[in-house]
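Below is one structure, written out as C-alpha cells; comments come after it.
The values are calculated or read from the model by the stated rules, or taken from the named source; none is laboratory data. Just so we're clear, the structure is a prediction, and the values are computed from it rather than from any experiment. Backbone-built Cβ (ideal geometry, glycine too); neighbour counts: all protein chains shown. The area values use the complete protein model at the heavy-atom level, side chains included, leaving out ligands, DNA and RNA. Shrake-Rupley method; radii C 1.70, N 1.55, O 1.52, S 1.80 Å.
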Amino acid sequence: MSKGIEQEIKLLIAKQYHSKIWNMPLIKQVLQKDSIKNLKLLSTYYDTRDYKLANAGMAYRIRKNGKNYEATVKTMGETVGGFSSRHEYTVSLAKKKVTLSGFAPEFDEKLQTLTADDELLKLFDVTINRKICLLQISPETVVEMAVDEGEVQAEGISQPISEIELEIKKGNISDLLIYVTSLAQKLPVFVENRSKFQRGLELLKNTANKVGELSKLPYLDKEENSETEIKKVFYYELDKILVGQNIVAKKDELPNADVLLLPAWEAVLALWKTVETFVPKEDYKAIAINLQAIVQPLRALASLHSWQRCWQDINNTGYGIAQGTLLQKLLLEEEKSLLKGINKDIHAGHYSYQCFFMLAYLTGHSWQEAALLQLNHFLGYCWKNWQKLFDMVPPTKWPEDQKLSTQVFQLAQGLTILGYFVKTGKLNKTNYKNLEELTTRMNNLFQDQLSPEAARSLCKGVNNKLLNRDVGILQGFLLAQEIRNWKKIAKLGEKLYKK
C-alpha cells in the first residue's frame, strides 16, 4: 500500500507538439538520464449505481500497467490554475478485481462504510500511451513529467486526451510554477482543472463540451494576515482566466472574449494596484506593464462592442436620422481585426504565460509588510489611501484628469473586489453598495468613450461625408451618456467621501 498527497499541474497540449517537447533545451537540460519510460496504461473507473464515491469526492480506479494491476482511490482536492493537490491511496492487485481494503486502516473503514452493500460497477475506461521522465528543475525540486496521448471511452462515446502532467516528487510548488512559466513561454499550453475521472463522468452525462472547472470561491478571514487572504483572490481570478481562455479558444466563443476574460484581467490589474505598496518598485512596474499589454486589446474589444450597441440603438430610434451603412461595416472590420489579435495571443500561449508568471511570483514572494497586517486593517489602509485622491481633486473635477480618474477607478475596483468577501470599518455594506455602483459606472464610462483619435483610427482615412456625419452622431450620443454618467459618479463620490 502507498499513500500520499499528489501535487501536480495538468496542461492541455496540441498533439502536434508531443515530439517537440523532448527536443526542447528546457527539457533536455534538466532531464535525469535513464529515467525515460514508455507505458501503455488501461484504467477502469468504478462507482456505485448512484455515484456514492463521486458524491463523497472520491474516485476509484484499477489500472493495468503491463502485466501488473493496482487499485487507487483519490480524493477530490483543490485545483487552481491546473495545479491540484489530492490525497491518493494505492494498493497492488494480483488480478483485476475490486477491493475495498489494504489502502489505509482509517480509510478502508470509511470506504467500506460509504459503499455498504452496494456493488462497485464499471463506469468507463481510459486508455493512455504515456511517456514519462524525471526532471531536476531546481536543486531542491524533482518532478515527474508524463506526456499522455489517449482517450476516455464511455458507453460507445470517446473523447481524446492530449496533455502533460508535471507531478512533484520532491521539492516545492514555487519551483514547479516557475518551470511551467518557462514552459508556457516556449510552448502553447492550456490548463486542465478536471481530472480524467471528471472528464469520464461528463462523457457519461453527455456534457463533454466542458473545457475546465473553476476553483471554488475563496473564503476570506478579515482577522487573518492580508498577504494570505489577498493572494487567495489573485489565485481565484487567475484561475478564471486560465479556464475562461479554454472557452474563448473555441471559434464560436471568440467574439465573447471581452465578456469572458476582461473582468478577471481587470480584477488582477486592480488587485495589483492595491498591493503596490508591498511590492518592489521594479517588479510592480514590470508586471503592471505586462498586464496592461494583455488587457488593452480586450478593453478595445469591449469599447467596440459598446459602440456597436449604441449605433444599433441610434438606428432603431432614428436618433440623428442616421442613414449610412459604412460605419457599421467599419465597426465589423475593426472587431474582426481585434478578435484576430486576441485569438493569436491565446493560441500563442501569452495568456497562459502571464498567468503562470503571476502564480509563480505570488507563490514565491512574500510581502513582509502585508504579512504583519490583518486583512481588515489593510482594507482600512486602502480606504484611507483611496480617500487621499479626493483631497487632491474632488469628484466633480475627475473628468478633467484622465490619469487621476483611472487611478480612482483601479483603487475603487480593488476595494470592491476585496469588499465582496469582507466588509469592515468604512467599507461597510452601505459604502460597499455605493462603491460597487461607482466602479460599474466608471467601467461603462471608459468603455463608451470614443475619442477623436479613436474615431479617426476607425475611419481609417476614408473621406466620406456620410461616414463623417454618422461618426459625429455616434460621438454626440456617447458624449451625452458620458456627461450623465460623470454627474452620477460625482454624486456617488460625494457620498463616499467623509472627512
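Quick rundown of the values:
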{"quantity": "Single residue of ILE489, ILE483 found to be without any contact (Cβ under 8 Å) to a residue 24 or more places away in the chain and part of a helix (DSSP H, G or I)", "calculated": "ILE483"}
{"quantity": "Failed item, numbered, when VAL30 is tested on (1) β-branched (Val, Ile, Thr); (2) out of contact with any strand residue (DSSP E or B) (no Cβ under 6 Å at 6 or more places or on another chain); (3) modelled with pLDDT of 90 or more", "calculated": "(2)"}
{"quantity": "Test: ILE173 is surrounded by 17 or more Cβ atoms within 10 Å (Cβ to Cβ) and touching a residue at least 24 places away in the same chain (Cβ under 8 Å)", "calculated": "yes"}
{"quantity": "Residue check for LYS340: within 26 Å of the chain's Cα centre (by Cα), basic (Lys, Arg) and under 29 Å from ASP313 (Cα atoms)", "calculated": "yes"}
{"quantity": "Complete set of residues in segment 221-243 that are touching a Ser or Thr at 6+ places or on another chain (Cβ under 8 Å) and among the hydroxyl-bearing types (Ser, Thr, Tyr)", "calculated": "TYR235, TYR236"}
{"quantity": "Residue match in segment 277-288 (condition: under 22 Å from TYR235 (Cα atoms), polar (S, T, N, Q), open to solvent by 20 Å² or more (accessible area, probe 1.4 Å) and touching a residue at least 60 places away in the same chain (Cβ under 8 Å))", "calculated": "yes"}
{"quantity": "Qualifying residue in segment 74-81 (condition: among the basic types (Lys, Arg) and surrounded by 18 or more Cβ atoms within 10 Å (Cβ to Cβ))", "calculated": "yes"}
{"quantity": "Filter pass, ILE164 being at pLDDT below 90 and of a type in the set (Val, Ile, Thr)", "calculated": "no"}
{"quantity": "Any hit, segment 404-424, residues being open to solvent by 70 Å² or more (accessible area, probe 1.4 Å), outside any strand (DSSP E or B) and of a type in the set (S, T, N, Q)", "calculated": "no"}
